[in-house]
Amino acid sequence: MPDISDLSFLDFLVKNKHISSAQNHYLQEQIKLGHALHEALHNFLGDEEILQHKSSYYGVKRVKLSELGVDSFAAFLIPEQLAIKYNLIPFKINRGRLCVAMADPADRRAMEDVELYSGYKTEPYLATLEEIKVAIREFYTIQQSQGDSTDNYQGPLNVWKIEEKAVTGNEGSIVRLVDSLFNQAVKEMASDIHWEPGEESFKVKFRIDGRLELKTILSSAFVRSVTARLKVMAGMDVTERRRPQDGRIVLDLFGKRIDVRVSTFNTVYGEKVVTRILDYETAQLSLAELGMRKDVEEGARKLLLQPHGLILVTGPTGSGKTTTLYALLRELQADSLNIVSIEDPVEYRLPGVNQAQVNTKIGLDFAQGLRAILRQDPDIIMVGEIRDRETAKIATAAALTGHLVLTTVHTNTAAEALARMLEMDIEPYIVAASVCGVIAQRLVRRLCPFCREQRTVPLGLKHGFNWEGIDYIYGPGGCSRCRGTGYKGRIGIHEYLNYDNRIKELVLNKGSALEIDRLARSLNIPSLKDDALIKVAEGWTSLEEVISLIEGV
């Protein structure tokens with residue numbers, strides 16, 4: 001069946017006397033035989049003549065992409081799949097509209113999809129199919145192969161320039177809305193943004209100082225457009241909505257580069273997206289800046305002087321274990337040392353450390369990565385986490401054969417970390433011989449120094465917490481600097497288990513976590529609870545902030 005748009009264009013050519021009646025009859029026959037009109041027209045008209053006539057017919061301007069060039073920011077507002085599907089490419093933004101070069105400017109479905117994915121109103125332009133294909137190859141296929149990041153994320157790794165101005169959800173395009181929320185999140189030092197679709201609304205939440213805060217509620221109509229925008233920025237497959245995806249965005253904001261990890265998860269109301277904002281300054285923190293007491297800091301430094309052994313950092317998810325590992329590695333950095341890590345994921349790049357990332361798709365887990373590292377003549381090894389017996393077995397063996405190994409274990413206390421190693425069926429004599437120290441930690445919110453309020457210590461607390469010499473502690477106030485919360489930033493609560501011969505002997509006898517903890521208290525080793533109360537007494541945090549920690553350990 002002949003294409004209606006082809007017949008309409010042919011009528012236009014006849015009426016404007018660009019072709020004769022005889023030529024029209026021939027072209028009609030060619031269309032009936034299934035030949036494309038643009039190919040048959042070449043028997044009578046040149047390429048530029050056909051384009052000029054199409055420009056007049058469609059009422060759109062003709063552009064030559066080879067002369068104008070293509071703005072990569074505009075091109076990457078839509079995914080490559082969409083450009084190939086419709087034979088088009090955005091080439092610039094003009095007065096708030098996305099200018100799109102198309103082979104068929106009459107394709108309304110194409111324009112609707114471009115507007116959906118980009119968040120911009122579109123303005124069509126006419127270009128040859130060949131020009132468009134060349135541009136697609138240059139600005140997607142070639143740049144993607146050159147711009148792939150060194151980790152597991154696929155797609156073009158572009159630096160997205162974010163304007164430093166706030167825009168409300170109802171002011172303009174999806175692009176400006178997403179940019180505005182990233183801008184606000186970085187300003188407020190959020191660690192994550194949660195984009196949560198619901199039945200009637202689309203909620204955006206920031207995780208600030210470990211707590212989720214609702215920032216804005218959008219219409220549920222925004223879900224698909226905002227999600228598509230985030231997936232385009234992260235180099236994900238926009239057409240895949242059922243399977244979870246991971247990606248990465250690099251932002252240029254406030255004059256510095258900001259890495260963002262992106263994760264999608266399909267829910268009954270649409271795709272939920274979590275964007276984790278990685279602050280490179282976090283990886284630059286020293287041991288002293290982590291909030292460690294002097295004795296904990298000194299103990300950690302003694303551990304780093306060991307020629308070999310296993311250093312365990314323990315705590316629940318989000319307790320800052322990786323940050324502590326990075327601070328320890330920074331103390332060890334030297335050109336004379338071969339430092340290698342296997343992480344999941346590599347959140348921050350550390351100069352002088354050979355970092356690798358777990359990739360389960362190719363069978364590279366912690367155990368496999370650790371085996372490979374041992375063939376790289378390492379001096380110091382960092383393993384992101386000991387999750388299973390196999391990894392624990394290789395890590396302890398490496399510690400016994402002349403390597404200093406730093407790793408994490410998910411337990412609540414230092415004593416439980418040793419018990420967990422025994423539960424993984426690692427022989428007690430191996431645990432006792434390989435482990436040289438354990439650091440347990442938590443993160444609590446730090447009181448805002450500008451508005452913290454002095455409070456009298458109740459008599460009951462003085463006796464219960466051994467605060468006889470303390471008359472005042474501090475609580476949260478609320479000011480513009482802390483967004484009225486009374487807290488600004490976080491500080492670590494630490495326990496350093498001095499792994500002496502008495503604790504080793506208990507480990508050899510397969511002592512339980514409770515027995516190890518009791519021995520540590522008898523040796524006057526401050527617990528997490530003790531350190532929390534010290535931080536409250538010194539005015540770093542509030543009693544309300546650490547009360548759950550005090551009751552839980």
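The values are calculated or read from the model by the stated rules, or taken from the named source; none is laboratory data. Keep in mind it's a predicted model, so treat the numbers as computed, not measured. Quick reminder, even Gly has a Cβ in these numbers, built from the backbone with ideal geometry, and neighbours come from all protein chains shown. These area figures cover heavy atoms from the full protein model, side chains too; ligands, DNA and RNA do not enter into them. Shrake-Rupley method; radii C 1.70, N 1.55, O 1.52, S 1.80 Å.
Could you tell me the ratio Rg/Rh of segment 243-391? Both radii from Cα atoms, Rh via Kirkwood. Please report the intermediate quantities before stating the final value.
Values: Rg = 17.1 Å, Rh = 17.3 Å.
Rounded to two decimals, Rg over Rh is 0.99.
Would you kindly enumerate the cysteines in the chain that have no other Cys beta-carbon under 4.7 Å from their beta-carbon?
For the chain, the answer is 99, 436, because their Cβ atoms have no other cysteine Cβ under 4.7 Å.
Can you give the Rg and Dmax of segment 457-510 based on its C-alpha atoms, in angstrom?
Rg then Dmax for segment 457-510, in Å: 19.6, 56.
Which one, 234, 346, 525, projects farthest toward the positive side of the charge dipole computed for the chain from Cβ point charges (K/R +1, D/E -1)?
Sorting the options by dipole projection puts first 525.
Magnitude of the Cβ-charge dipole of segment 248-356, K/R +1 and D/E -1, about the Cα centre, nearest 20 debye?
Using Cβ point charges on Lys, Arg, Asp and Glu, segment 248-356 gives about 120 debye.
If packing is taken as the average count of other Cβ atoms within 10 Å, what order do 461-473, 354-366 fall into, highest mean first?
Averaged packing, sorted descending, gives the order 354-366, 461-473.
What ranking of 182, 254 comes out by heavy-atom accessible area, probe 1.4 Å, highest first? Don't skip to the end; give the middle numbers.
On the way: 182 0, 254 75 Å².
Largest to smallest exposure gives the sequence 254, 182.
Show me 106-112, 408-414, 230-236 ranked by packing, highest mean number of other Cβ atoms within 10 Å first.
230-236, 408-414, 106-112
Based on the Cβ-Cβ distance from residue 200 to residue 246, what FRET efficiency comes out when R0 is 30 Å, to the nearest 0.05?
Numbers: r = 29 Å, r/R0 = 0.96.
About 0.55, to the nearest 0.05.
Return an integer: the convex hull volume of the alpha-carbon atoms of segment 419-470, in Å³ per residue. Can you show the working numbers first?
On the way: hull volume 9.3 nm³, N = 52.
Dividing the Cα hull volume of segment 419-470 by its residues yields 179 Å³.
At what distance in angstrom do the alpha carbon centres of segment 339-392 and segment 406-471 lie from each other?
27 Å
Using the Cα centre of the chain as the reference point, and only Cβ charges (+1 on K/R, -1 on D/E), how large is the resulting charge dipole? Debye, rounded to the nearest 20.
900 debye
Among 309, 489, 514, which residue has its Cα furthest toward the positive end of the charge dipole of the chain, with +1 on Lys/Arg Cβ and -1 on Asp/Glu Cβ?
489
In segment 481-500, which residues have a backbone nitrogen under 19 Å from the label point lying 7 Å from residue 302's Cα in the Cα-to-Cβ direction?
Correct set: 494-500.
Placing +1 at every Lys and Arg Cβ and -1 at every Asp and Glu Cβ, with all other atoms neutral, what dipole size does segment 399-511 have around its Cα centre, in debye to the nearest 20?
Working: 14 positive and 10 negative charges, 167 e Å.
The calculated dipole for segment 399-511 is roughly 800 debye.
What ranking, highest mean first, results for peptides 416-429, 208-221 when packing means the other Cβ atoms within 10 Å averaged over each residue? The partial results should precede the final answer.
Numbers: 416-429: 18.9, 208-221: 14.9.
Going by the mean number of other Cβ atoms within 10 Å, highest first, we get 416-429, 208-221.
Given 10 °C and 1.306 mPa s, how large is the Stokes-Einstein diffusion coefficient of segment 503-553 in µm²/s, with Rh as the Kirkwood radius over Cα pairs?
This corresponds to a translational diffusion coefficient of 129 µm²/s.
Show me, for segment 521-532, the HN-Hα J-couplings you get by feeding each phi into the Karplus relation (A = 6.51, B = -1.76, C = 1.60, θ = phi - 60°), rounded to Hz, glycine and proline as x.
5, 5, 8, 6, 7, x, 8, 4, 4, 4, 5, 4
If you fit an axis through the alpha-carbon atoms of helix 294-304 and take the longest principal axis of the Cα set of the chain, what angle between them do you get, 0 to 90°, nearest 10?
That helix lies at roughly 70 degrees to the long axis.
Would you be so kind as to identify which of 51, 399, 324 lies farthest towards the positive end of the dipole of the chain, taking Lys and Arg as +1 and Asp and Glu as -1 on Cβ and the Cα centre as origin?
324
Taking a temperature of 25 °C and a viscosity of 0.890 mPa s, what whole-number D in µm²/s does Stokes-Einstein yield for segment 442-543 with Rh from Kirkwood over alpha carbon pairs? Display every interim value, and only then the final one.
Working: Rh = 15.6 Å.
Once the numbers are plugged in, D ends up at 157 µm²/s.
Regarding segment 308-427, what is the average projected area of its C-alpha convex hull, in nm²?
The directionally averaged projection comes out at 7.2 nm².
How big is the Cα convex hull of the chain in projection, averaged over all directions, in nm²?
Computing the convex hull of the Cα atoms and averaging its projections yields 32.4 nm².
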